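For reference, the structure discussed in these notes is given below.
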Amino acid sequence: MWKYFESLPLKDKNNIASLGEGNTALVPSSQIGPSLGLKNLYFKLEFQNPSGSYKDRFASMAVSLMQEESRKKMVATSSGNTGSALAAYAARFGFELDLYVLETASQQKLVQAVAYGARVIRVRKFGVTEDGTNSVVERLKAKAKSSDSVLFISASCISPRAMEGVKTIAFEICEQLDSAPDHMFIPIGGGGLFFQCYSGFLERFNAGRTNHVPKMHAVQPEGCATVAGPLTRNEKRAQAVTCTSEISGLQVASVLDAQIAVDAALASKGSGQMMSDELIYSWQARLIREEGIYTEPAGATALAGLELALKKGLLNPDEKVVCLVTGGGFKHLDSIDTLLKDSPMPLIDVGEI
């Protein structure tokens, strides 16, 4: 990630806080692409980052800025992956972290953050409604100010400089393909990942390093479709919702970066795709079983959106398509347990072999 230093908002390379984030694999599909009739489907494996998700790019940038500005305390919110990423970097570089999380956050993600040494506090009904989410954010802004802490939320509207670390995903994909892809499918929680990827592709295009910006497709569970919902209705305004989805990491009911995500999808001539939680779980199982890609449900959401876009005739078979796989399977073991419920592991004696 830090080979793109000149494109990032840090002034001094001596302040880089790195755990080896970035440079994640872009792998061609071996089975799913052909089964869908696609010749050039790729998966960007962001779970290869140090704490297991793309949020390490955000955390590395955030802690680097902390070091540059001689700050020592962080306050953050998270549905799971942001918290575990910030906790990892806080542990390595000696920062304090108070982490306020969704009541429904994955236990595996919370355990990871606690193991790194973060103070983790769950907040009732956080993430369910826009008012509830906004109330948490406003209180944490006040808490950060009173405790001489820096507030980090993985949203461009709140932590814009730290979020720029995420645009390096687009830089890497352009180098790995020797061009920009024709289509990008990206899961959306708050919308920051989507917007930063679009910004990265646009930056490369404006610099003359690619000849186009990919069509950006926003993918969400229908129970929390702040971006994909309006786009499917041909509307141009993001919409706050009451979240009913159980897909960890995508449960963001408020707008946050949703409007700039809508704008990016429209500017790139992309689309919005939304689907049931059940469809997402089924694609999680297919990614694991057919591609050997061990992902959490959120990491399979982009692929679920690709299937729907194909049914709508939005892609051609020869086009280059990239799906972001945002987090690893160990982040949400409950979904893995469900996948394995009919898979026996018998215990036998050696003579039975």
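Laboratory data are not the source of any read-out in this text; all were calculated from the coordinates shown. Keep in mind that what you see is a predicted model, and the values were worked out from it rather than measured. Glycine gets a Cβ as well: all are built from the backbone with ideal geometry, and neighbour counts include every protein chain shown.
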**Report entry** Within straight-line cross-link reach of LYS13, lysines at Cα separation under 30 Å, skipping those fewer than 8 residues along the same chain
**Finding:** LYS3, LYS44, LYS55, LYS72, LYS73, LYS141, LYS145, LYS167
**Report entry** Amide H within-cut-off set for SER29, under 5 Å, with H built and near neighbours excluded
**Finding:** LEU41, TYR42, PHE43
Query - Long-range lysine pairs (8 or more apart or interchain), the range 219-353, Cα under 28 Å - result: 10
Query - In Hz, Karplus ³J(HN,Hα) per residue of the range 157-172 (6.51, -1.76, 1.60; θ = phi - 60°; x = Gly, Pro) - result: 6, 10, 10, x, 5, 5, 5, 5, x, 6, 5, 5, 4, 5, 4, 5
Query raised in the report: By average Cβ neighbour count within 10 Å, what is the ranking of 232-239, 82-89 from highest down?
Result: 82-89, 232-239
**Report entry** Placed amide H near ALA17: partners under 5 Å, 5+ positions off or other chain
**Finding:** SER64
Query raised in the report: Remind me, relative contact order of the range 125-263 in percent, using alpha carbon pairs under 8 angstrom and six or more residues apart?
Result: 29
Report summary line: Percent of all alpha-carbon pairs of the chain at distances over 36 Å, whole number, is 16
**Report entry** Fully extended contour minus Cα-Cα distance, from ASP148 to SER179, at 0.36 nm per residue
**Finding:** 6.8 nm
Query - Counted charge near PHE195, where neighbours are those whose Cβ lies closer than 13 Å (Asp, Glu -1; Lys, Arg +1) - result: -3
Report task. Show that you can apply the helix-only estimate: for the chain, add -39,500 (n - 2.57) for every DSSP H stretch of four or more residues, divide by all residues, and state [θ] at 222 nm to the nearest 500. Result -> -12000 deg cm²/dmol
Query raised in the report: Check LEU97: other-chain or 5+ apart residues with amide H under 5 Å from its amide H, H built from backbone geometry?
Result: MET74, ARG119
Report task. Just rank ASP337, ASP342, fewest to most, by other beta-carbon atoms within 10 angstrom. Result -> ASP342, ASP337
